[in-house]
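The values are calculated or read from the model by the stated rules, or taken from the named source; none is laboratory data. Please read these numbers as outputs of a predicted model, since none were measured by experiment. Please note: Cβ atoms are built from the backbone with ideal geometry, for glycine as well, and neighbour counts cover all protein chains shown.
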Amino acid sequence: APPVAGPVGLAGVGLTATGHPLLGASVELPGTDAVAFTGSISLSTHPWLADHAILGPALLPGTAFLDLALAAGEHVGCPRVDDLALQAPLALPAHGAVRLQVRVEATESDGRRQIGVYSRPQDDEHAWTQHAIGVLAPETGPESEALTEWPPPGAEPVSVDGLYDDLAATGFAYGPLFRGLRAAWVRDGAVYADVALPDETASVAGYGLHPALLDAALHALGCAHLVEDWKDGQLPFAWTGARLHAVGARALRVRLRAENGGIALTAADAGGQPVADIEGIRLRPVGDAGTVRATAGVRPSRVEWIPVVPADDRAADDVTVVPVTGRTADGDLAAEVRAGVAAALARIQEQLADDRPGRLVFVTRGAVAALPDEAPDPVAAAVWGLVRSAQSEHPGRFLLADLEPGDGTPASAAVLPGEPQTAVRDGQVLAPRLVRSVDVPAGAVPFGADDVVLVTG
């Protein structure tokens, strides 16, 4: 039979094009009026994102999350972002893409909708991270104030020279597209600023308000004292009462003032006509590089013991079992640890000195916490540490097998060719594997691809 042509384009696979540069398509969820928006971003497809590097990684700007929410709200008839709180930064990998998803939930009785923003690495369909949560509303509110007198009468100019050098010194390595602050003034506790996209070739098509342009508007806060500890580095993490009046702006007149514990923003175009209003913007210190990486999805790995089958079909009849005695109830712990390690070391040295054929398998009981809430035997655990070092120096010569205390399973059942370390629990043979952590432990400072790390044992 001749081949049947498949569907072509987004409509052919049941999706609707959005026209937004970061969200390519949307799909209605059955049984409700909820909508999911999807997209894919990377430093190769959206190279301007590399200009927003914070303490090392390129992060999706907080202003981009707001633009995503505004775009989704406009699509579903809720153009006002009542609230949007950022929960975790989104770090962009040097290579590869990140899948984006914005989910707008069903309409509530008051017409509002919940919204969430998620991402995952392109090659890991299970590693979703929620980056933002918020509420969309159908009301747009009163008309915005125009900024036709510019600069405002009585406003005092303030210097913006050196601002981006100072920010770079704190780890905010803004590239050319994000260096849009042109001039600033202060009057009656408010900051007024001229901002523009420096790159005339940068496209604003599809964005409600280009994230780099809005981000530059917030840089004017560095010219006044509206935000404490600005010099230490601040990023927006919460938005309230945001709405757009016009799209496609390449330059803005901006007014920023402190209100109700946050920063209120009014933005107009080059002629003073309204572009955007944000009732409240809250900022917080970005923290150290480790915190950024941890919360940005560069998560540490952890060891999990998982069921395994033999990696190859080699026979395991060339092994010699070396039983390891664990801790006794009334013995001296320090002395028992020294004795256990010394005995294991002697067997390892004999095997290597005589160049004896075959392999040694050290059989312990309860030496590792292969299951949650297990407390390892300290004597057997010390032997494991020694033998693991020997395994690193002499691959394939030594094996480790851990049985449950009181388990009558023969040691041979725990030995799997190709697995240097195994444990038997509930009749299953387990082996250690590195898996990505879902939750970042408190105080964890994972390292990135460009860091230098010394690992010792």
### Query
Which of the residues spanning the stretch 397-422 are over 37 Å from the mean Cα position of the chain (by Cα) and at positive phi?
Gly406
### Task
Search the stretch 66-112 for residues being of a type in the set (Asp, Glu) and farther than 23 Å from His210 by Cβ, and hand back the single one that is farthest from the chain's Cα centre (by Cα).
Asp110
### Selection status of Tyr174, without any contact (Cβ under 8 Å) to a residue 60 or more places away in the chain and over 21 Å from Leu244 (Cα atoms)
no
### Query
Within the bounds of the stretch 372-395, is there any residue that is at pLDDT 90 or above and hydroxyl-bearing (Ser, Thr, Tyr)?
yes
### Task
Please specify each residue of the stretch 155-170 satisfying the condition of being of a type in the set (S, T, N, Q) and touching a helix residue (DSSP H, G or I) at 6+ places or on another chain (Cβ under 7 Å).
Thr170
### Query
Which of the residues spanning the stretch 143-183 are assigned to a strand (DSSP E or B), farther than 16 Å from Ala270 by Cβ and not acidic (Asp, Glu)?
Pro157, Val158, Phe172, Ala173, Tyr174
### Task
Would you please list the contacts, defined by Cβ atoms under 9 Å and residues six or more apart or on different chains, that run from a residue in the stretch 408-425 that is in contact (Cβ under 8 Å) with a residue 24 or more places away in the chain to a residue that is crowded, with 20+ Cβ neighbours inside 10 Å and among the acidic types (Asp, Glu)?
Ala414/Asp402; Gln421/Asp402; Thr422/Asp402; Ala423/Asp402; Arg425/Asp402
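Conditions tested, residue by residue: (1) farther than 17 Å from Arg425 by Cα; (2) part of a helix (DSSP H, G or I); (3) assigned by TED's automatic domain parsing to the domain that holds Val424.
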{"position": "Val321", "(1), (2), (3)": "yes, no, yes"}
{"position": "Arg347", "(1), (2), (3)": "yes, yes, yes"}
{"position": "Val361", "(1), (2), (3)": "yes, no, yes"}
{"position": "Ala369", "(1), (2), (3)": "no, no, yes"}
{"position": "Asp373", "(1), (2), (3)": "no, no, yes"}
{"position": "Ala382", "(1), (2), (3)": "yes, yes, yes"}
{"position": "Ala390", "(1), (2), (3)": "yes, yes, yes"}
{"position": "Leu400", "(1), (2), (3)": "no, no, yes"}
### Asp33 being in a loop (DSSP other than H, G, I, E, B) and acidic (Asp, Glu)
yes
### Task
For the stretch 125-132, state whether one or more residues are in a strand (DSSP E or B) and either among the charged types (D, E, K, R) or in contact with a Lys or Arg (Cβ under 8 Å, 6 or more places away or on another chain) (or both).
yes
### Positions within the stretch 46-62 being over 16 Å from His131 (Cβ atoms) and part of a strand (DSSP E or B), in sequence order
Ala53
### Message
I'd like to check something: does the stretch 69-76 contain any residue that is part of a loop (DSSP other than H, G, I, E, B) and modelled with pLDDT under 90?
### Response
no
### Query
Among the residues of the stretch 208-215, is any in a strand (DSSP E or B) and not aliphatic (A, V, I, L, M)?
no
### Message
Pairs please, first residue from the stretch 225-237 and modelled with pLDDT under 70, second anywhere and of a type in the set (Asp, Glu), Cβ atoms under 8 Å, 6+ apart in sequence or on different chains.
### Response
Lys231/Asp166
### Query
Considering Ser109, Ser119, which residue is crowded, with 17+ Cβ neighbours inside 10 Å and modelled with pLDDT under 95?
Ser119
### Message
Just to check your reading of the model, which residue among Gly162, Gly134 is of a type in the set (Gly, Ala, Ser) and under 23 Å from Ala69 (Cα atoms)?
### Response
Gly134
